[in-house]
Amino acid sequence: MWAVARIGRRMPWYDQGGRFSGLKLATLLCLLAPAVWVLLQIPLELLEPRPVTLAIHATGLWAIRFLLLTLFVTPCRRIFLWPRVFILRRMLGLSVLAYALGHFCLFIVDKAFDLGVVANELVLRYYLTIGLLALFFLIALGVTSTDLALRRMGIRRWRRLHGLVYPALFLALVHFFMQSKLDVTQPTLLTGLALWLMLYRLVDRRFGRQRALGPVWLLSLTVATTALTALGEALYYHLAIGAPAILVLRANLSLGPAGWRPALIVTLSGLAVVIVATLRRLARHAARPMDGGLPQ
Ligand code: HEM
């Protein structure tokens, strides 16, 4: 009975102290939702005519999205003065691995379980080889994400190994770009968000040691990332189909038939971070007791 209770406390909705966490449960449900939705769509025939291919796309896309979310935990903790968010990091990281493995398994299903064909394609198609390398990195991160692995490896070696998350992200994005045909809206958007996260880390390491980066820094990061995303997209279309760069750049200013462009979504996401960070600081400032008391 005692052992059952102990195992129960290891469920993902308990925190490290064995207390029930509503935050962890809500996050778990959100992480499961895309997989459940993909599974539901199959009997409902919403993925016809190529259910496996569409499921491959959905799982790959969610793997990268959750990877970015995992990398947002550290900024989130510092910028929003929210240390508790750290309890979600392992769960988020493992969800990336789960979706990436699901993605790979679906690829095997798509090849009718012919492992010879699978191996052949993994070697011959560069974008698949790159995806496989990203998957290896994610597996290395996943299997060493336990407390036991951390204790055995020691914090320094563990941290060095977990630096693999950056090459994994890079390779996953390259894999995404390479398999996209002409429309690179999604990979450009996710690359823009990844750029924000990387720039944040660089700037925070250099200037934010004592205190978290303030709203002015965050705004500057957002402006820089927006510019790089817009220029990157224009350059891609120019090189790929010879589209005039100015036309692609101008599309960022209109909400025309091409829909919201990646640079615009990066701007809005960055601004949302600035606004929440500012509100958090104001709230903390207001809650702080006044120094010095009233003048005599
Ligand atoms: C052995 C490893 C992998 C294999 C065999 C593989 C295979 C594939 C295949 C067959 C496609 C669809 C290509 C097409 O329809 O033309 C694809 C797309 C994709 N993959 Fe992978 N992949 C692997 C690893 C990964 C990993 C590790 C990630 C992310 C962490 C990832 C993310 C994606 C994304 C985002 C897409 C595009 C989804 C979309 O178009 O909406 N893949 N992959």
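Values for this structure:
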quantity	calculated
Total charge dipole magnitude, the chain, about the Cα centre, Cβ charges on Lys, Arg, Asp, Glu only, Debye to nearest 20	1680
Relative contact order for the chain, counting Cα pairs under 8 Å that sit 6 or more residues apart, in percent	14
Computed Kirkwood radius, in angstrom, where 1/r is averaged over Cα pairs of the stretch 22-179	16.9
Carbon plus sulfur fraction of accessible area for the chain, probe 1.4 Å, in percent	70
Separation of alpha-carbon centers, the stretch 195-236 and the stretch 126-167, rounded to whole Å	25
Solvent-accessible area per residue, Å², over the stretch 165-296 with all protein chains present [probe radius 1.4 Å]	62
Volume of the Cα convex hull of the stretch 185-296, divided per residue and given in Å³	132
Full-extension gain in nm, ARG157 to ALA287, via 0.36 nm per residue minus C-alpha separation	42.8 nm
Relative contact order for the stretch 22-179, counting Cα pairs under 8 Å that sit 6 or more residues apart, in percent	21
For the chain, the fraction of alpha-carbon pairs in successive 5 Å shells from zero, as %	1, 5, 9, 12, 14, 16, 15, 12, 7, 4, 2, 1, 1, 0, 0, 0, 0, 0
For the chain, built as a Gaussian network whose Cα springs stay under 10 Å, the top-fluctuating residue of LYS111, LYS181, LYS24	LYS181
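The values are calculated or read from the model by the stated rules, or taken from the named source; none is laboratory data. The structure presented is a predicted model; accordingly, all values stated were derived computationally and were not measured. Positions of Cβ are generated from backbone atoms using ideal geometry, with glycine treated the same way; all protein chains shown enter the neighbour counts. Just so you know, the surface numbers come from the protein's heavy atoms only, side chains and all, with ligands and any DNA or RNA stripped out. Shrake-Rupley method; radii C 1.70, N 1.55, O 1.52, S 1.80 Å.
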